[in-house]
1. Between residue 198 and residue 233, what length comes free when the chain is fully extended (0.36 nm per residue of separation minus the Cα-Cα distance, one decimal in nm)?
2. What full-extension length gain, to one decimal in nm, is calculated for residue 86 and residue 20 as 0.36 nm per residue of separation minus the Cα-Cα distance?
3. Taking loop as defined by DSSP and a crowding limit of 14 other beta carbons within 10 Å, which chymotrypsin sites (Phe, Trp or Tyr not before Pro) in the range 1-103 fit?
4. About the Cα centre of the chain, what is the dipole size in debye to 20, counting +1 per Lys and Arg Cβ and -1 per Asp and Glu Cβ, all else neutral?
5. Residue 217: net charge of surrounding residues, Cβ under 12 Å, Lys/Arg +1, Asp/Glu -1, itself excluded?
6. Just the number, please: percent antiparallel of the DSSP beta bridges in the chain, rounded to the nearest 5.
7. In nm, give the distance between the simple-model label positions of residue 136 and residue 226, each being 7 Å from the Cα along the Cα-to-Cβ direction.
8. Computed from the mean reciprocal separation of all distinct C-alpha pairs, what Kirkwood hydrodynamic radius does the range 122-197 have, in Å?
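Only the coordinates and a few stated rules stand behind these numbers; no lab work does. Worth saying up front: this structure is predicted, and the values here are computed from it rather than measured. Cβ sites come from the backbone with ideal geometry, for glycine too, and all protein chains shown count toward neighbours.
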Amino acid sequence: MKPDNSALEVLGLTKRFDRLAVDSLDLTIRAGEFYALVGPNGAGKTTTLRMVAGLLRPDAGAVSIFGIDALADPVAAKQVMAWVSDEPMIYDKLTPLEYLEFVAGLWGIAPAASEPVAQELLGSLGLEPHRHERCEGFSKGMRQKVALAGALVHDPRLIILDEPLTGLDAVSARHVKGLLSARVRAGCTVIMTTHILEVAERMADRIGVIASGRLVAEGTLAELRQQNGHADTSLEDLFIALVTLQVAA
Ligand SMILES: Nc1ncnc2c1ncn2[C@@H]1O[C@H](COP(=O)(O)OP(=O)(O)OP(=O)(O)O)[C@@H](O)[C@H]1O
């Protein structure tokens, strides 16, 4: 089911709660691309990514991560990916450095190997001055960055983030965007949900639009514009047009 260069292949992914949240979704993310998933509130973005990350069992469908069947072998799949929730949980009594060393230990990475990685992550996220302070005194944005650093400490090839920029100030947002772009340049694949369409427009190689649990459009910004028939439309206008069409259908 996996084309040679795909990082993630989702086929027929379906999840129903009291109503259908993800509706037989097909999605292919190429290795090395920065992919933004956008869509209205309740469209099924988080539910899709939680199933991909192995946190929620799909009712139907298949998930392949670099060729690993993530439903049959979730441990192997988790080793090559990172999941960063929009509600991060970290250990408050630890300092960022201790937290990263703790997470690295869970992955079986020796402290001698993890420490330079942790220091580099904290530096690139602007947390270096706070590395020896306990997380309990941190703001929401600082906690988000510690959680992101923790998710990257095992050097995942696929990084999946749910709304990573929400609640971050401009400086922190720039740190996170810089870190993610650097990871993509180094060959990682990033999938991110966002409501900040400007971020999708500026950062993503391709954008997927989800509505009512289905992928209703996908492509580069130029391709989306072409599909919509307006060469100079903003992503916001395209988004509203696509989503309105979906609601009317
Ligand atoms: N644990 C749950 N129990 C019941 N319903 C759920 C649960 N999680 C999600 N849903 C429902 O599934 C649908 C999709 O929700 P989801 O959180 O995936 O949307 P989303 O696109 O991420 O939205 P948002 O942009 O608001 O975060 C919604 O109708 C939501 O109410």
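1. Details: separation 35, 0.36 × 35 = 12.60 nm, distance 1.28 nm.
Stretched fully, the residue 198-residue 233 segment lengthens by 11.3 nm.
2. On the way: separation 66, 0.36 × 66 = 23.76 nm, distance 2.20 nm.
The span from residue 86 to residue 20 would gain 21.6 nm if fully extended.
3. On the way: sites: 17, 34, 35, 66, 83, 91, 99, 102; in loops: 17, 66, 91.
Answer by residue number: 17.
4. So the magnitude is around 180 debye.
5. +1
6. Working: 19 of 36 bridges.
Counting DSSP beta bridges with both partners in the chain, the antiparallel share is about 55 percent.
7. Roughly 5.7 nm, to one decimal.
8. Values: mean 1/r = 0.0777 Å⁻¹.
Result for the range 122-197 stands at 12.9 Å.
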